[in-house]
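Have a look at the structure below before the remarks.
The values are calculated or read from the model by the stated rules, or taken from the named source; none is laboratory data. This is a predicted model, so every value here is computed, not measured. Here the Cβ is made from the backbone with ideal geometry for all residues, glycine too, and neighbour counts use every protein chain on show.
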Amino acid sequence: MSNKATFSCIVFIFALAALTIDGCKPKNSDVLPHGALSDSLVSSPCILLAERINDVLYRAYEYDTSRNLLRMTEYSGSAANNRITKRYRFDYEKQHLVRFTETNLVARDQSLIYEFDYDSDGILRTIRPFRVFNSGPRVTDTLTVKYDDNRYINELSSARTGAQKWQYDSLGNIKQWLIRTPAATQDSILAEYGAYDNKINLYGFSKTIQLVRLLVGNAASRRNPLIYTLKGQSISASYQYNDRNVPTQSVVKTTSAGDNTLRETVFSYELGCQ
């Protein structure tokens, strides 16, 4: 993603984490079951239909009649030429996402398939990415999912790519996001979070979106972050909410280390609420 707006969106996506609120449960097999990912979360009263960056469409979501996420379309985020860059398709067995396909429409041989494996209790244990070639898909890795004592995901790792790790506060919000490369002897901090709001996170209703986000380092927190640092950047976020306390807009202000220029990006969300 080459433009600044899309980069800012990725920064925000890394930082936002999944949250839900007690009650208002839709009948939705895409809702996170207890312990299936990282938290005993229940469902949000709203689902996400579209995301925009500075009023330019970035992602659109499609659901079946039971509100399972079936397809996601990703755009370049360019106001001048906002073309489709990726298409996602999601496959389920019972309540579990078992596979999704990420079709890259821009780069050759960069389409991917991810398969998800669960134990007999329905707990996610491994993720297997495949790269798609003309000759067919080839497995590239096996990622192991680990949990802390509270059943939050605290590590996603493989011998080939190293590890991503997360530490949580007493409320279940991410405090630190760390990585360790295969050659490294200690963890490096990528992000630290200083404060959260007390409202419903945008992605809390959907284990599917949570899994997509997990693959880029976004483990589930319970709230929306207000102040944090990410890869040397200082970031603050403010939100507007609907009457269900779900964000409809966020304003993200970013300052890079050694650069006092304040960059502001506006994200808006189209929701479908019960």
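Can you confirm whether the range 220-227 contains a residue that is touching a residue at least 60 places away in the same chain (Cβ under 8 Å) and assigned to a strand (DSSP E or B)?
If we filter the range 220-227 for residues that are touching a residue at least 60 places away in the same chain (Cβ under 8 Å), which is where we start, we get 220-225.
Filter once more, so that each one left must be assigned to a strand (DSSP E or B): 225.
Taking every residue of the range 220-227 in turn, at least one turns out to be touching a residue at least 60 places away in the same chain (Cβ under 8 Å) and assigned to a strand (DSSP E or B).
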Sole miss for ALA163 among (1) modelled with pLDDT under 90; (2) in a strand (DSSP E or B); (3) of a type in the set (Gly, Ala, Ser) is condition (1)
The condition of being of a type in the set (Val, Ile, Thr) and modelled with pLDDT of 95 or more holds, among ILE113, ILE123, only for ILE113
Note on the range 204-216: residues surrounded by 23 or more Cβ atoms within 10 Å (Cβ to Cβ), under 11 Å from the mean Cα position of the chain (by Cα) and part of a loop (DSSP other than H, G, I, E, B) are GLY204, SER206
#### Entry: Test for PHE267: is it part of a loop (DSSP other than H, G, I, E, B) and either surrounded by 14 or more Cβ atoms within 10 Å (Cβ to Cβ) or at pLDDT 90 or above (or both)
no
Notebook entry, point to check: Right, LYS253: surrounded by fewer than 17 Cβ atoms within 10 Å (Cβ to Cβ) and basic (Lys, Arg) or not?
Noted result: yes
Given the conditions (1) of a type outside the set (Phe, Trp, Tyr); (2) touching an Asp or Glu at 6+ places or on another chain (Cβ under 9 Å); (3) within 18 Å of TYR152 (Cβ to Cβ), every one holds for LEU230 apart from (3)
Result of the Cβ filter at 6 Å on the range 74-95, keeping first residues that are under 17 Å from ARG52 (Cβ atoms) and partners that are loosely packed, with under 12 Cβ neighbours inside 10 Å, at least 6 apart or interchain, is SER76/ARG83; THR85/VAL106
*LEU202 vs. criteria hydrophobic (A, V, I, L, M, F, W, C), without any contact (Cβ under 8 Å) to a residue 24 or more places away in the chain and within 30 Å of ARG99 (Cβ to Cβ)*: no
Considering residues that are at pLDDT 95 or above and of a type outside the set (Val, Ile, Thr), the number found within the range 35-68 is 12
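Looking only at the range 177-201, how many residues end up being closer than 30 Å to ASN242 by Cβ and buried (at least 16 other Cβ atoms within 10 Å of the Cβ)?
Going through the range 177-201, the residues closer than 30 Å to ASN242 by Cβ turn out to be 177, 191-201.
Filter again for buried (at least 16 other Cβ atoms within 10 Å of the Cβ), leaving 177, 191, 193, 196-197, 199-201.
Of the residues in the range 177-201, 8 are closer than 30 Å to ASN242 by Cβ and buried (at least 16 other Cβ atoms within 10 Å of the Cβ).
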Taking the range 93-110 and keeping residues modelled with pLDDT of 95 or more and of a type outside the set (Val, Ile, Thr) leaves ARG99, PHE100, GLU102, ASN104, LEU105
Residue pairs qualifying under the 6 Å Cβ cut-off, at least six apart or on distinct chains, with the first in the range 256-274 being touching a residue at least 12 places away in the same chain (Cβ under 8 Å) and at negative phi and the second being surrounded by 14 or more Cβ atoms within 10 Å (Cβ to Cβ) and of a type in the set (Asp, Glu), are TYR269/GLU51
